[in-house]
1. Here is a list of conditions, (1) within 13 Å of the chain's Cα centre (by Cα); (2) more than 24 Å from Val82 (Cα to Cα), and Lys19 meets all of them except one; can you say which number that is?
2. Residue check, Glu3 against (1) open to solvent by less than 30 Å² (accessible area, probe 1.4 Å); (2) touching a Cys at 6+ places or on another chain (Cβ under 7 Å), all met but one. Which one?
3. Looking at Lys70, Lys91, can you tell me which residue is in contact with a Gly (Cβ under 7 Å, 6 or more places away or on another chain) and on the phi < 0 side of the Ramachandran plot?
4. Can you name every one of the strands (runs of 3 or more DSSP E) wholly within the stretch 30-113 that holds 2 or more residues which are out of contact with any Phe, Trp or Tyr (no Cβ under 7 Å at 6 or more places or on another chain) and away from the ligand (no atom under 16 Å from the Cβ)?
5. Could you list, in sequence order, the residues of the stretch 89-113 that are at pLDDT below 95 and open to solvent by 100 Å² or more (accessible area, probe 1.4 Å)?
6. Restricting to the stretch 37-57, name every residue that is open to solvent by less than 20 Å² (accessible area, probe 1.4 Å) and either under 21 Å from Ile112 (Cβ atoms) or of a type outside the set (Gly, Ala, Ser) (or both).
7. Exactly one of (1) closer than 20 Å to Ser109 by Cα; (2) in contact with a Cys (Cβ under 9 Å, 6 or more places away or on another chain); (3) among the polar types (S, T, N, Q) is unmet by Thr98. Its number?
8. Mind checking which residues of the stretch 58-72 are open to solvent by less than 30 Å² (accessible area, probe 1.4 Å) and among the hydrophobic types (A, V, I, L, M, F, W, C)?
Amino acid sequence: MHEMSIVVSIVEIAESEAKKNNAKKITKLELDIGTVSGIELDALNFAFESIKNETMLKNAQIKINKIKAKSKCEDCNYEFNVEDVYSLCPKCNSYKTTIIHGKEMKVKSILID
Ligand SMILES: [Zn+2]
């Protein structure tokens with residue numbers, strides 16, 4: 001499950017940040033996850049639940065912000081919401097569209113104690 005390796009690296013980032021600040025625990029972790037990042041949120045939550053008791057995130061509240069995917073058409077510059085990585089421009093039907101939002105996978109904020 002590739003979500004597990006993502007969670008492991010998120011925990012590493014959070015813990016090293018907390019240690020830098022001499023914190024004993026992490027109380028809240030906020031993540032930005034794009035809807036076309038390829039990450040299954042259920043799997044991500046499951047992975048967190050299964051390892052967090054062994055980490056500084058034991059009692060942390062985990063908040064996940066879903067970042068809606070947006071594409072831009074290269075032919076007419078129209079920006080539109082997408083559900084999928086591959087979608088046609090709804091205005092001119094061009095297939096030359098580029099994802100501009102929605103691939104994010106990052107730690108937005110960490111609250112420590
Ligand atoms: Zn277009």
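The values are calculated or read from the model by the stated rules, or taken from the named source; none is laboratory data. It should be emphasised that the depicted structure is a prediction, and the values quoted were computed from it without experimental measurement. Note: ideal-geometry Cβ built from the backbone for every residue, glycine included; neighbour counts use all protein chains shown. Calculation scope for accessible area: heavy atoms of the full protein, side chains included, ligands and nucleic acids excluded. Shrake-Rupley method; radii C 1.70, N 1.55, O 1.52, S 1.80 Å.
1. (1)
2. (2)
3. Matching residue, one of Lys70, Lys91: Lys70.
4. 61-67, 105-112
5. If the condition is that a residue be at pLDDT below 95 and open to solvent by 100 Å² or more (accessible area, probe 1.4 Å), then Tyr95, Lys103, Lys106, Asp113 are the ones that fit.
6. Of everything in the stretch 37-57, those that are open to solvent by less than 20 Å² (accessible area, probe 1.4 Å) and either under 21 Å from Ile112 (Cβ atoms) or of a type outside the set (Gly, Ala, Ser) (or both) turn out to be Leu44, Phe48, Leu57.
7. It is condition (1) that Thr98 fails.
8. Of everything in the stretch 58-72, those that are open to solvent by less than 30 Å² (accessible area, probe 1.4 Å) and among the hydrophobic types (A, V, I, L, M, F, W, C) turn out to be Ala60, Ala69.
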